[in-house]
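I have a structure I would like to understand better, so I am pasting it below and will then ask my questions one at a time.
The numbers here are math on the coordinates, done by the rules we state, and not lab data. Predicted, not measured: the structure shown is a model, and the values here were computed from it. Positions of Cβ are backbone-derived with ideal geometry, glycine not excepted, and every protein chain shown enters the neighbour counts.
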């Protein structure tokens with residue numbers, strides 16, 4: 001068995017807009033708040049109760065290229081007519097086959113960062129897109 005995680009890349013589409021492929025993905029997650037409830041009387045028990053769930057912002061990155069225009073076009077559209085969207089994020093193996101997929105609900109853009117240019121650095125010029133969302137499901141939307 002080969003180590004597929006070494007060569008994973010990501011595809012992202014939001015509603016019907018394909019934003020292309022990305023090489024980096026950070027922040028996909030859930031933060032569960034836990035509340036403590038102390039039992040009264042002679043009991044020495046402290047119950048752990050599930051509180052609110054917060055979803056951490058997703059940041060995806062890639063070198064700038066032809067797909068950057070797709071991101072900029074989507075951002076122009078969403079800024080002109082703000083609305084929550086549904087996103088499909090898929091981790092792909094080197095052959096382009098899905099390894100795992102997530103559906104993000106209530107997606108809105110939180111931040112876009114373009115490249116910094118420095119001729120003394122051999123790093124590629126990259127862009128990043130940060131998305132906020134209200135829920136996450138495993139697998140593509142039905």
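Output the number of the condition that residue 123 fails; it satisfies all remaining conditions of (1) under 18 Å from residue 22 (Cβ atoms); (2) without any contact (Cβ under 8 Å) to a residue 12 or more places away in the chain; (3) part of a helix (DSSP H, G or I).
(3)
Listed here are the residues, each with its yes/no results for (1) closer than 20 Å to residue 100 by Cβ; (2) in contact with a strand residue (DSSP E or B) (Cβ under 7 Å, 6 or more places away or on another chain); (3) without any contact (Cβ under 8 Å) to a residue 24 or more places away in the chain; (4) exposed (fewer than 14 other Cβ atoms within 10 Å of the Cβ).
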position: 10; (1), (2), (3), (4): yes, yes, no, no
position: 13; (1), (2), (3), (4): yes, yes, no, no
position: 29; (1), (2), (3), (4): yes, yes, no, yes
position: 36; (1), (2), (3), (4): no, yes, yes, yes
position: 40; (1), (2), (3), (4): no, no, yes, yes
position: 47; (1), (2), (3), (4): no, yes, yes, yes
position: 58; (1), (2), (3), (4): yes, yes, no, no
position: 61; (1), (2), (3), (4): yes, yes, no, no
position: 69; (1), (2), (3), (4): no, no, yes, yes
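Quick one: in segment 103-120, which of the residues that are assigned to a strand (DSSP E or B) and in contact with a helix residue (DSSP H, G or I) (Cβ under 9 Å, 6 or more places away or on another chain) is surrounded by the most Cβ atoms within 10 Å (Cβ to Cβ)? Even if it seems obvious, please write down each step before you answer.
So in segment 103-120, the residues assigned to a strand (DSSP E or B) come out as 103-113.
Still in the list and also in contact with a helix residue (DSSP H, G or I) (Cβ under 9 Å, 6 or more places away or on another chain): 108-109, 112.
Numbers: 108: 13, 109: 17, 112: 14.
Checked segment 103-120; the qualifying residue surrounded by the most Cβ atoms within 10 Å (Cβ to Cβ) is 109.
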